[in-house]
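**Q** The structure is given below, and queries will be raised subsequently.
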Amino acid sequence: MPDTALDSRISSEPTTSDSATSLAPAAVPAGTGGATIQLLDVTKSYPGQVAPAVDHITLEIAAGEIVVLVGPSGCGKTTTMKMINRLIEPTSGQILIGGTDVLKLDADEHRRNVGYVIQQTGLFPHMRIAENIGLVPRMLGWSKRRTADRVEELLEVVGLPPGEYARRYPRELSGGQQQRVGVARALAADPPVMLMDEPFGATDPITRDRLQNEFLRLQREMGKTIVFVTHDFDEALKMGDRIAVLGPQSVIAQFDTPEAILAAPANDYVSSFIGSGGQLKRLGLMPLRDADLRPVPARKDLSQITIDASLHDALDLMLESGQDKVLVAADESGEGEVFGSIRLDDLMAAIADDSADDPSDDPTAKLDPSAGS
């Protein structure tokens, strides 16, 4: 049954549009920052298998950092992540969070202090949204009032007004809204560490891009330590402060910043993840908020992109719309503040400044940069 402390404040008004909600419109409440994570010579072996699933991995993640584990299916990246919260117990090695050996803790208690977001959200279908988010705080012994306050707070943070969403069931929400609830539930007990296993993989490309942008904005305020698993290298470039490219058995092929990996891949295996168009991928590492924007033009028919997006996102929008210029705004609703504009030739100049162009990889050839200016 829902907590009565929350019942008195909420109502149900069905809405399922992802475009109507934003992951971080409200101020993020002050809370616990991140904690360092250390994996020291960690191995996972299964009976009957000759080779270990994870072979002596050593990895250190700084407090407040997003580290992305990327690699092909079956390489051990999810197994590595699940050993951090002990959903899978390591065969040998040490795992330290904030200097504490988590293998010496009670496993259930440890998991309650680590946020966990998965691709299919893992929401309990028979529980209302408020109950799903408040589950871990209740297990930790929080009072009904404290839990209700935290649920309201987090629903506002992830852009789902509690008066409209708290009493709904997961089936009454769209896929993107369910992912927002999954993020809120992972944050409910204010953990220093969050584990995210392909959290946006089940959403459509437009929703996924929006969730990525909004989560990065949220993380800038939260400063949690995040281990993020994906098989999509472009997502790794966008989300990671650093990327660990994993080979079979979670052997680290390269562990560095996205910029460093694009500039100097360690070997052919890492290069295979980057693929062609490396200079265009670098546009994904350049946020619009850091760009020198042009003034707002007189034209009113231009597409809008959020300032939290990247130059690569702006290029994609230009290619989709056939326009050589887009407006940069607070959000994509068409109602928020417009900060300026950016043109195709600005993006081309950014590519030229970063590295020499490879004409065979240049999709901007589809547009005339002198048109419509």
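The values are calculated or read from the model by the stated rules, or taken from the named source; none is laboratory data. Bear in mind the structure is a predicted one, so any value in this text is a computation, not a measurement. Positions of Cβ are backbone-derived with ideal geometry, glycine not excepted, and every protein chain shown enters the neighbour counts. Note: accessible area is taken over every heavy atom of the protein model, side chains too, but ligands, DNA and RNA are not part of it. Shrake-Rupley method; radii C 1.70, N 1.55, O 1.52, S 1.80 Å.
**Q** Considering only residues that are touching a helix residue (DSSP H, G or I) at 6+ places or on another chain (Cβ under 8 Å) and outside any strand (DSSP E or B), look in the stretch 93-119 and name the one that is surrounded by the most Cβ atoms within 10 Å (Cβ to Cβ). It would help to see each step written out before you state the result.
**A** So in the stretch 93-119, the residues touching a helix residue (DSSP H, G or I) at 6+ places or on another chain (Cβ under 8 Å) come out as 94-97, 102, 110, 112, 114-118.
Then drop every residue that is not outside any strand (DSSP E or B), which leaves 102, 110, 112.
Values: Val102: 23, His110: 18, Arg112: 18.
By that ranking, first place goes to Val102.
**Q** Looking for whichever is out of contact with any helix residue (DSSP H, G or I) (no Cβ under 9 Å at 6 or more places or on another chain), of a type outside the set (Lys, Arg) and either more than 30 Å from Gly76 (Cβ to Cβ) or open to solvent by less than 60 Å² (accessible area, probe 1.4 Å) (or both) here; the options are Ala260, Ala253, Ala309, Ala244. Which one fits? Working first, answer last.
**A** Numbers: Ala253 fails: out of contact with any helix residue (DSSP H, G or I) (no Cβ under 9 Å at 6 or more places or on another chain); Ala309 fails: out of contact with any helix residue (DSSP H, G or I) (no Cβ under 9 Å at 6 or more places or on another chain); Ala244 fails: out of contact with any helix residue (DSSP H, G or I) (no Cβ under 9 Å at 6 or more places or on another chain).
After ruling out the rest, the residue left standing is Ala260.
**Q** More than 30 Å from Leu39 (Cα to Cα) and either within 23 Å of the chain's Cα centre (by Cα) or in a strand (DSSP E or B) (or both): does that describe Leu315?
**A** Details: more than 30 Å from Leu39 (Cα to Cα): yes; either within 23 Å of the chain's Cα centre (by Cα) or in a strand (DSSP E or B) (or both): yes.
In short, yes.
**Q** At pLDDT below 95 and either β-branched (Val, Ile, Thr) or closer than 15 Å to Gln219 by Cβ (or both): does that describe Ala5?
**A** Details: at pLDDT below 95: yes; either β-branched (Val, Ile, Thr) or closer than 15 Å to Gln219 by Cβ (or both): no.
The answer is no for Ala5.
**Q** What pairs come out if I take residues in the stretch 92-103 that are of a type in the set (Ser, Thr, Tyr) and pair them with residues that are assigned to a strand (DSSP E or B) and surrounded by 17 or more Cβ atoms within 10 Å (Cβ to Cβ) whose C-beta lies under 7 Å away, six or more apart or interchain?
**A** Correct list of pairs: Ser92/Thr43.
**Q** Tell me which of these Thr147 doesn't satisfy, since it passes every other one: (1) closer than 21 Å to His110 by Cα; (2) within 20 Å of the chain's Cα centre (by Cα); (3) hydroxyl-bearing (Ser, Thr, Tyr).
**A** (2)
**Q** I've got another one for you. Of everything in the stretch 80-92, what is outside any loop (DSSP other than H, G, I, E, B) and in contact with a helix residue (DSSP H, G or I) (Cβ under 7 Å, 6 or more places away or on another chain)? Give them in sequence order. Steps first, please.
**A** Taking the stretch 80-92 and keeping what is outside any loop (DSSP other than H, G, I, E, B), we get 80-84, 92.
Within the stretch 80-92, Thr80 is the sole residue that qualifies.
**Q** For the stretch 240-281, which residues satisfy the criterion of being small (Gly, Ala, Ser) and at positive phi?
**A** Here is the first cut: in the stretch 240-281, the ones small (Gly, Ala, Ser) are 240, 244, 247, 250, 253, 260, 263-264, 266, 271-272, 275-278.
Hits for the stretch 240-281 are Ser250, Gly275, Gly277.
**Q** Going by the structure shown, is Ile61 buried (at least 18 other Cβ atoms within 10 Å of the Cβ), in contact with a helix residue (DSSP H, G or I) (Cβ under 9 Å, 6 or more places away or on another chain) and aliphatic (A, V, I, L, M)?
**A** Details: buried (at least 18 other Cβ atoms within 10 Å of the Cβ): yes; in contact with a helix residue (DSSP H, G or I) (Cβ under 9 Å, 6 or more places away or on another chain): no; aliphatic (A, V, I, L, M): yes.
It is false that Ile61 is buried (at least 18 other Cβ atoms within 10 Å of the Cβ), in contact with a helix residue (DSSP H, G or I) (Cβ under 9 Å, 6 or more places away or on another chain) and aliphatic (A, V, I, L, M).
**Q** Sticking with this structure for a sec: Within the stretch 263-293, take every residue that is surrounded by fewer than 15 Cβ atoms within 10 Å (Cβ to Cβ) and closer than 12 Å to Ile342 by Cβ and give me the one that is farthest from the chain's Cα centre (by Cα).
**A** Once the filter is applied, the top-ranked residue is Asp292.
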